[in-house]
Amino acid sequence: MKEKRSQTNKKNKSKIIIIVLVIIAVSVYFLLSTVKLIQQPTDTFVVENGKVSQEETAIGYIIRQEQVIQGNNYKNGMAQIKSEGEKVAKGENIFRYYSNNEENLVKKIQELDVKIQEAMEKEIDRYSPDIKLLEEQIESKIEEVTKTNDIKKIAELKKDINAQITKKAKMAGELSPAGSYIRKLIEERTSYETKLNSGAEYITAPESGILSYRVDGLEDTLTYDNISNLNSKYLENLKLKTGQIVASSSESGKIINNFECYIATSLKSESAKNAKEGQTVTIRLSNTEEINAKIEKIIQEDESRLIIFKIYNEVENLSSYRKISLDIIWWSYTGIKVPNSSIIEENNRKYIVRSRMGYTDKILIKVLKTNEHYSIIRNYETTELKEELGYDSTSIRQNKNITLYDEILIKPKL
């Protein structure tokens with residue numbers, strides 16, 4: 001009995017000793033972790049996929065292939081047939097100049113329209129169902145006008161309404177007895193309308209493209225054919241305001257090549273100094289739209305370079321401007337993104353320090369691209385470790401890799 005008690009006591013003591021040892025071990029572990037945290041920087045960064053780019057903001061001047069169109073009667077003022085920014089075909093009517101006596105003729109036509117309408121209302125019962133159908137269509141379009149804010153749509157609706165009113169008047173005249181009051185009014189109106197149309201000067205598009213009425217007088221200067229004569233000083237002396245919309249002209253219009261345009265900008269950055277003709281970059285416009293651009297020409301100046309970018313997108317949206325602000329993205333890389341402050345260099349090799357449970361590991365990395373604050377990195381491939389760095393099989397097996405969501409130290413001290 002005593003022997004059993006003695007054995008039990010020994011077992012209990014052994015358990016207590018084991019528990020105490022475990023407590024001591026855990027305490028030592030946390031103590032070491034605390035010491036390491038004191039010795040090492042506490043700032044860490046969680047590794048994730050990201051994007052690193054080299055960008056700069058610049059001021060650009062729009063260079064276009066555009067042809068100004070102006071008729072003989074430009075002093076009379078003009079009426080737009082096609083709207084600003086609308087694509088037009090070669091030979092299509094785009095605007096017209098008023099005739100010499102247009103204001104008086106228009107006034108007489110409007111007065112006759114009132115008289116015709118009043119006369120028709122008195123004899124409405126004798127008209128055919130076709131006229132009543134036209135009246136319903138006219139009322140429907142008038143209601144559409146009151147419900148839209150689209151200027152182009154309103155202009156189209158008003159044109160349709162006027163055409164239907166004229167059609168209704170002519171139909172009413174045909175249904176009226178010969179020599180009736182309405183017929184005489186319609187004949188008089190037709191006579192004035194003929195004079196109005198014959199006296200107007202219609203302008204057609206000399207080629208297809210985008211129609212614009214925003215003429216600034218630089219159409220023959222800021223052209224690609226004249227690029228060799230351009231320089232930064234000349235562009236600055238134009239005294240243009242950045243982002244200002246070119247004012248509309250009441251005397252002329254122009255056709256713009258809608259397939260391509262150019263942006264000239266003066267740059268002094270290191271990226272600009274290293275740029276080459278034919279190089280592709282990305283441009284971000286004020287609407288945050290990113291588009292591809294090609295360096296078409298570089299003109300070397302004393303302290304800067306005048307770089308001409310060629311673009312194929314957003315040409316229509318730029319047609320209202322001559323000087324804009326833009327961002328030039330020289331290059332962009334995606335991958336594992338880390339702060340530059342987390343990268344250390346030893347013996348021409350670069351490392352980051354990973355932190356796990358208070359312990360740190362120095363991990364060899366390959367830096368792909370770097371900007372001012374961040375770098376895109378990756379792990380070395382096995383073949384690279386062997387062929388580029390001369391690692392043997394044992395070193396390759398012992399090499400550790402960085403993975404997504406690892407924590408790395410900022411400004412590590414080894």
Original post:
segment 257-353: which trypsin sites (Lys or Arg not before Pro) are DSSP loop and have at most 10 other beta-carbon atoms within 10 angstrom?
Top reply: K276
Original post:
Karplus couplings for segment 290-302 from phi (6.51 cos²θ - 1.76 cosθ + 1.60, θ = phi - 60°), rounded to Hz, Gly and Pro as x?
Top reply: 9, 10, 6, 9, 10, 6, 7, 7, 10, 10, 6, 10, 4
Original post:
How high is the FRET efficiency from E139 to R284, r the C-beta distance, R0 45 Å, rounded to 0.05?
Top reply: 0.40
Original post:
So which trypsin sites (Lys or Arg not before Pro) in segment 371-414 are both in a DSSP loop and have at most 10 other Cβ atoms within 10 Å of their Cβ?
Top reply: K413
Subject >> Qualifying chymotrypsin sites (Phe, Trp or Tyr not before Pro) in segment 311-414, DSSP loop, other Cβ atoms within 10 Å at most 10 >> reply: Y405
**OP:** Find how many whole Å separate the alpha carbon centroid of segment 237-297 from the alpha carbon centroid of segment 376-411.
**Re:** 44 Å
Original post:
Once amide H atoms are built 1.01 Å from N in the peptide plane, which residues 5 or more positions from G253, or in another chain, come under 5 Å H to H?
Top reply: I69
Original post:
For T394 and E48 in the same chain, what is the full-extension length gain: residue separation times 0.36 nm, less their Cα-Cα distance, in nm?
Top reply: 121.6 nm
**OP:** For Q67 paired with T242, estimate the spin-label separation in nm (one decimal), with each label point 7 Å from Cα along the Cα-to-Cβ line.
**Re:** 3.5 nm
Original post:
All other residues with a Cβ under 12 Å from the Cβ of E48 taken together, and with Lys, Arg as +1 and Asp, Glu as -1, what is their net charge?
Top reply: 0
**OP:** Provide the net charge surrounding W331, with neighbours chosen by a C-beta distance below 10 Å and charges set as Lys +1, Arg +1, Asp -1, Glu -1.
**Re:** 0
Subject >> Cα-Cα over 32 Å, subset of K115/K254; K276/K350; K159/K323; K87/K108; K108/K132 >> reply: K115/K254; K159/K323; K87/K108
Original post:
Which ³J(HN,Hα) values in Hz, rounded to whole numbers, follow from the phi angles of segment 264-271 under the Karplus curve 6.51 cos²θ - 1.76 cosθ + 1.60, where θ = phi - 60° and Gly and Pro get x?
Top reply: 9, 9, 8, 9, 10, 5, 5, 5
Original post:
Taking K411 as the anchor, which aspartates and glutamates have their alpha carbon closer than 20 Å to its alpha carbon, excluding any fewer than eight residues away along the same chain?
Top reply: D43, E48, E345, E346, D361, E372
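All of the numbers you see were taken from the coordinates with simple rules; none came from a lab. From a predicted model like this one, the values you see are computed outputs, not experimental measurements. For neighbour counting, all protein chains shown are included, and Cβ atoms are generated from backbone atoms with ideal geometry for every residue, glycine included.
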